[in-house]
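The values are calculated or read from the model by the stated rules, or taken from the named source; none is laboratory data. Predicted model only: the values in this text are computed from it and were never measured. Note that each Cβ is placed from the backbone with ideal geometry, even for glycine, and that neighbours are counted across all protein chains shown. Each accessible area value is taken on the protein alone, full model and side chains, heavy atoms only, with ligands, DNA and RNA left out. Shrake-Rupley method; radii C 1.70, N 1.55, O 1.52, S 1.80 Å.
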Amino acid sequence: MPELMRAVAFSEPGGPGVLKIDYVPTPVPGHGQILIRVAYAGVNRPDALQRAGAYPAPPGASPLLGLECSGHVAAVGPGVTRWQVGDAVCALLPGGGYATHAVTHESHALPVPEGVTMEEAACLPETCFTVWSNVVMRGNLRGGEKFLVHGGSSGIGTTAIQIATALGARVFATAGSAEKCDACAELGAEAINYRDSDFVAVLKAAGGADLILDMVGGSYLQRNIKALANDGRLVQIAFLESPKAEVNFTEMMTRRLTLTGSTLRPQSDVAKARIADELIRHVWPMVTSGHLRPVMDGVFDMDDAAAAHTRMESSGHIGKMVLRMPGD
Ligand SMILES: NC(=O)c1ccc[n+]([C@@H]2O[C@H](COP(=O)([O-])OP(=O)(O)OC[C@H]3O[C@@H](n4cnc5c(N)ncnc54)[C@H](OP(=O)(O)O)[C@@H]3O)[C@@H](O)[C@H]2O)c1
């Protein structure tokens, strides 16, 4: 194993321009961990937040960006039983994906599903872990229910639309342009352009949403409550507008609403392993049957990580972007 590896690093928080190629020590897999030779790393909104200094890596995690990757197992730590050197995997990472090598717990890696390219595989872990754990394990979505996802054209949104559709839900999605709405509709959603339609009115006319997955917050909090059906659930996964809002909670009580949320990254290894087990049983079959396919916006070379972040922050993208790591 090379002592040093190539990585996208930054010495202080800032705009995309702070991202630079650097050589840093190759991580060594600890007990129960695997070292992955990264082929592609998924680019996610939380990476841009971390780069800007708004989402620091949790204690013990790599300070490098990158929450998911695809690649091949390059080494295994003591006690690893699931994987052998050479296995093709895609994996949720505590950080460190923007590099030629990354470590993760063996139970957070999943086999690359049949028929999926390595580029596509790099897009699966972060969104599938987040969507399944929040929409199904926390939000308890069932077939026949009405589901609304905000940011429908995002990496999270495109995954949520497909998983909820495969579960038999009636799916609504908001997005900010006609092109983004078309992309949501192609995946099976009833798309709502939030710039010219009121999602509350649309959902109320349909009888209310049983479950809403929201990443906007702020002024959407009160409107989400209005858009929920009786006994509806609101699951919050981010606050792109604001984490603060003035909310009248009366309806939560009188209409028996549930307001909840979660973040994936700080959860324990055991909690993430539990989600991974559910993905293998319930979501990987959706991938192999063609019901769930990552929507790819673009592939960038590792050296162009700043361009990928600029595109993400412009919100011009539809679906996911990945970084291609150089070969040996
Ligand atoms: N809780 C968790 O565990 C967890 C895990 C992963 C990601 N997340 C969060 O989930 C969200 C989606 O992640 P992603 O990687 O899929 O990101 P993404 O592709 O960049 O999606 C964000 C989308 O939100 C929409 N949006 C609505 N209001 C916005 C605003 N005020 N500012 C910026 N965008 C706004 C944008 O689409 P329009 O142009 O249609 O507005 C944009 O495409 C992010 O906020 C991320 O931090 C949470």
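Only one residue in T310, T254 is open to solvent by 40 Å² or more (accessible area, probe 1.4 Å), at pLDDT 95 or above and within 14 Å of the ligand (Cβ to nearest atom), so which one is that?
Values: T254 fails: within 14 Å of the ligand (Cβ to nearest atom).
When all the criteria are applied, what remains is T310.
Please find, among I225, I275, the residue that is open to solvent by less than 20 Å² (accessible area, probe 1.4 Å), aliphatic (A, V, I, L, M) and within 14 Å of the ligand (Cβ to nearest atom).
On the way: I225 fails: within 14 Å of the ligand (Cβ to nearest atom).
Of the residues listed, the single one that is open to solvent by less than 20 Å² (accessible area, probe 1.4 Å), aliphatic (A, V, I, L, M) and within 14 Å of the ligand (Cβ to nearest atom) is I275.
Please find, among A178, A191, A201, A164, the residue that is open to solvent by less than 10 Å² (accessible area, probe 1.4 Å) and either modelled with pLDDT of 95 or more or near the ligand (Cβ under 10 Å from one of its atoms) (or both).
A164
Starting from region 191-208, keep only residues that are under 22 Å from T165 (Cβ atoms), then list their pairs with residues that are open to solvent by 90 Å² or more (accessible area, probe 1.4 Å) whose Cβ atoms are within a distance under 8 Å, requiring at least 6 positions of separation or different chains.
If the second residue must be open to solvent by 90 Å² or more (accessible area, probe 1.4 Å), the pairs left are A191/D182; A206/R170.
For region 10-26, does any single residue satisfy the condition of being in a strand (DSSP E or B) and aromatic (F, W, Y)? Reasoning before the result, please.
Initially, region 10-26 is screened for residues in a strand (DSSP E or B), giving 20-25.
Narrowing the set further to residues that are aromatic (F, W, Y) leaves 23.
Yes, region 10-26 has at least one match.
Consider C90 against the criteria (1) in contact with a Cys (Cβ under 8 Å, 6 or more places away or on another chain); (2) in a loop (DSSP other than H, G, I, E, B): it satisfies all of them except one. Which criterion is unmet?
It fails just one condition, (2).
Consider H150 against the criteria (1) open to solvent by 20 Å² or more (accessible area, probe 1.4 Å); (2) within 16 Å of the ligand (Cβ to nearest atom); (3) under 29 Å from V43 (Cα atoms): it satisfies all of them except one. Which criterion is unmet?
(1)
Can you tell me how many residues in region 131-147 are open to solvent by 10 Å² or more (accessible area, probe 1.4 Å) and farther than 26 Å from A273 by Cβ?
4
Can you list residue pairs whose Cβ atoms sit under 7 Å apart, with the first residue in region 40-66 being at pLDDT 95 or above and among the small types (G, A, S) and the second being open to solvent by 50 Å² or more (accessible area, probe 1.4 Å) and not in a helix (DSSP H, G or I)? Count only pairs 6 or more apart in sequence or on different chains.
So the pair list comes out as A52/P13; G53/P13.
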